Amino acid sequence: ISIYYDPMICKLVTHGKTRQSALDLMVKALDNYVIKGVNHNIPLLRDILTKPEFVKGDLSTNFIPEVYPKGFHGAVLSDEESQQLALTGAVMTAVRLASLQPGSSKTEKLVIHGNGQTYNITVSPSANGFSASVNGGEPIVITADWRLSSSLFHGNFAGTDLTVQHISRDGHQLRLRFKGTEFELTVRSEQEEEYSKLMPIKPPQDVSKNVLSPMPGVIISIIEEGKSVAAGAEVAVIEAMKMQNKLLAPRAGKIKKVNVKVKDTVEGDQV
C-alpha cells in the first residue's frame, strides 16, 4: 500500500474461554483470511501466534529482535507439513485436470518440487475425496471438496485438518499460502518431468551490484553517477512511514547509473 495511504487493512479480534482457545481461533481466522492485490503482514502475525514465548504471554518490547534475530523469512515447515503442502498441490492439479475431462476418474502420476523437496505423488479419485501415495508409500486418504473458483482449500489428510490458500497457477508453477506463508510448487506429470531435464537452465539475474529499495518510499537523497564509493558507504536515503532509511553500497566501486532522483516515489525491490 502506497505511503500516501494508511496501510491498515483491518483489525482482527478473537476471544475464547482460555488464552490458548483464543489463539487457536485467531490462527484459524488468519489461515482463512484472503487478501489479494497488496502485500500484508499475515505471514509474520500467524507465525508469532505459534511461538512459545507468545503463547505463554512472555512478552517484552524486544520480542521481535529476540525471537527473530535474523529477521522473519517465512514459516519453516516440518517434513510432514512439507509433504502435506505437496499433496495439496497434487489434489488441486488432479481437480483441474479432471475438469478438462468431465466424468474422468483418471489416476494422475505427478512430480512436485517445493520447499527444497521433490515428491513423486500418485493421486486418484475415491468415494470421499482422493487417495494419494508419496514416493511409493502407503496410500493416504484425503477428504476435500475444492473447486477451481475457490481461493480456500479445506482438506483432511489422514485425520489432520488443513487450510491452504490457492493464490495462482502459471503453467507448471502453483503458488499456495500455507501457515500464513506463500510457497511455490512446480507440478509436472512424470513425462513432463523427463522432458524438463532436457531444457537448458537460465542463470539467475545477478543483482549483487545493484542497490534495491527495501520498501516503498520517497527518495530524500541520492548519490551522483560516476562517484566512487567504499563498501558500506551511504548511497541513498528513503523516507517511509515517517522514518528515514539509509541505503548502503554492497561493495566498493563506481556508481555506473542512477535510476531515480530526489522526491521520486519508489516501490519495494526497485533498483
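The values are calculated or read from the model by the stated rules, or taken from the named source; none is laboratory data. Quantities reported herein were computed from a predicted structural model and do not represent experimental measurements. Glycine also receives a Cβ, built like all others from the backbone with ideal geometry; neighbour counts cover every protein chain displayed. To get the accessible areas, we keep the full protein, side chains included, count just its heavy atoms, and leave off ligands, DNA and RNA. Shrake-Rupley method; radii C 1.70, N 1.55, O 1.52, S 1.80 Å.
Averaging Cα coordinates gives a centre for segment 25-42 and one for segment 74-108; these two points are 22 Å apart.
With R₀ set to 45 Å, the beta-carbon distance separating residue 29 from residue 258 gives a calculated FRET efficiency near 0.50. Electrostatic tally near residue 46: other residues with Cβ closer than 11 Å to its Cβ, Lys and Arg +1, Asp and Glu -1, net +2. Counting only Cβ charges, +1 for Lys and Arg and -1 for Asp and Glu, the dipole size of the chain around its Cα centre is about 680 debye. Summarising the amide proton neighbourhood of residue 270: residues at separation of 5 or more, or on other chains, whose placed amide H is nearer than 5 Å comprise 213. The long axis of helix 79-100 is offset from the longest Cα principal axis of the chain by roughly 70 degrees. Normalised by the number of residues in the chain, the mean separation of alpha-carbon contacts (under 8 Å, six or more apart) gives a relative contact order of 13 percent. Measuring between alpha carbons in the structure, the pairs from 227/257; 11/242; 227/256 lying more than 18 angstrom apart are 11/242. Counting Lys and Arg as +1 and Asp and Glu as -1, what is the net charge of the other residues whose Cβ lies under 12 Å from the Cβ of residue 64? Once all neighbours under 12 Å are counted, the net charge is -1. In segment 161-194, which residues have a backbone nitrogen under 12 Å from the label point lying 7 Å from residue 100's Cα in the Cα-to-Cβ direction? 171-172, 188-189, 192, by backbone N distance to the label point. On the basis of the beta-carbon distance and an R0 of 45 Å, residue 197 and residue 138 show a calculated FRET efficiency of 0.95. The heavy atoms of residue 169 offer some 120 square angstrom of accessible surface to a 1.4 angstrom probe. Could you tell me which of rounded, prolate or oblate describes the chain, using a ≥ b ≥ c as the square roots of the eigenvalues of the alpha-carbon gyration tensor, with rounded for a/c under 1.5 and, failing that, prolate when a/b is larger than b/c and oblate otherwise? Here the chain falls in the oblate category. Would you mind classifying segment 103-165 by shape? Square roots of the alpha carbon gyration tensor eigenvalues, ordered a ≥ b ≥ c; an a/c under 1.5 is rounded, otherwise it is prolate if a/b is larger than b/c and oblate if not. It is rounded, given that a/c, with a ≥ b ≥ c, falls under 1.5.
Distances between placed amide hydrogens fall under 5 Å for residue 115 paired with 184, all partners being 5 or more residues away or on another chain. Between residue 173 and residue 41, the distance separating the two model label sites (each 7 Å from Cα on the Cα→Cβ line) works out to 2.8 nm.
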